[in-house]
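One structure is given here, and the rest of the page talks about it.
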C-alpha cells in the first residue's frame, strides 16, 4: 500500500481504489493506521504519501508495478457504474499512472487508461443542422477532421460535455 502511494508521487487515491489495486480487503483501516504513524496523509478524497516518506520507501524497494496499476485503474474507469466526478477527483493518480506507462515505453497502457470518449446523451448532443457536418466543413463525407488538439486524458474521462 505504501509502495503504491509512493509510486503515485503525491497523488491521492481513495481507500476503495487502493484496496482494489493492492488487493487488501480493509484498505481504509490500514491507511488510517499508516496515517497515525505519519507514513500517509489523509486528504479530502483519499490518502497520499508525503514526499519524504515516498523517497525513503522507494529507496528500499522498487516502484509499484505500473502494468498492474494501469490495468486496475483502466478497469475501474471503464465500469459503467463509475462516477465521472470520482474519476475527475483521481485525475492526478490517473495522469501519474499514464506517465509511468509512457516512460516505460508502454504508451498503449496510457491510451487504454484514457479510455473511450465519455458517454453522452444523443438528444443533448444532437448536431445543429448543417453545423459540424463534413460538407459544412469543406470535407468529403466520411473524412475525419484533423489537426484538432487532443484534450488531456483526465479531461476526456471526466468531461460530460459533448
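Total residues in segment 34-55 satisfying the condition of being loosely packed, with under 13 Cβ neighbours inside 10 Å and either on the phi > 0 side of the Ramachandran plot or more than 22 Å from the chain's Cα centre (by Cα) (or both): the figure is 5. For segment 19-62, the tally of residues that are in a helix (DSSP H, G or I) and over 22 Å from residue 87 (Cα atoms) stands at 17. Checked against (1) at pLDDT 95 or above; (2) surrounded by 12 or more Cβ atoms within 10 Å (Cβ to Cβ); (3) out of contact with any strand residue (DSSP E or B) (no Cβ under 6 Å at 6 or more places or on another chain); (4) on the phi > 0 side of the Ramachandran plot, residue 115 passes all but condition (1). Filtering 101, 110 for residues that are touching a residue at least 40 places away in the same chain (Cβ under 8 Å) and touching a helix residue (DSSP H, G or I) at 6+ places or on another chain (Cβ under 8 Å) leaves a single hit, 110.
Pairing residues of segment 61-73 that are touching a residue at least 24 places away in the same chain (Cβ under 8 Å) with residues that are surrounded by fewer than 21 Cβ atoms within 10 Å (Cβ to Cβ) and not in a helix (DSSP H, G or I), at Cβ distances under 8 Å and at least 6 apart in sequence or on separate chains, gives 66/104; 66/106; 67/106; 70/106. Scanning segment 67-100 for residues that are surrounded by 18 or more Cβ atoms within 10 Å (Cβ to Cβ) and either outside the structural domain of residue 113 (by TED's automatic domain parsing) or assigned to a loop (DSSP other than H, G, I, E, B) (or both) yields a total of 1.
The values are calculated or read from the model by the stated rules, or taken from the named source; none is laboratory data. Bear in mind the structure is a predicted one, so any value in this text is a computation, not a measurement. Here Cβ is always computed from backbone atoms with ideal geometry, including for glycine, and neighbour counts include all displayed protein chains.
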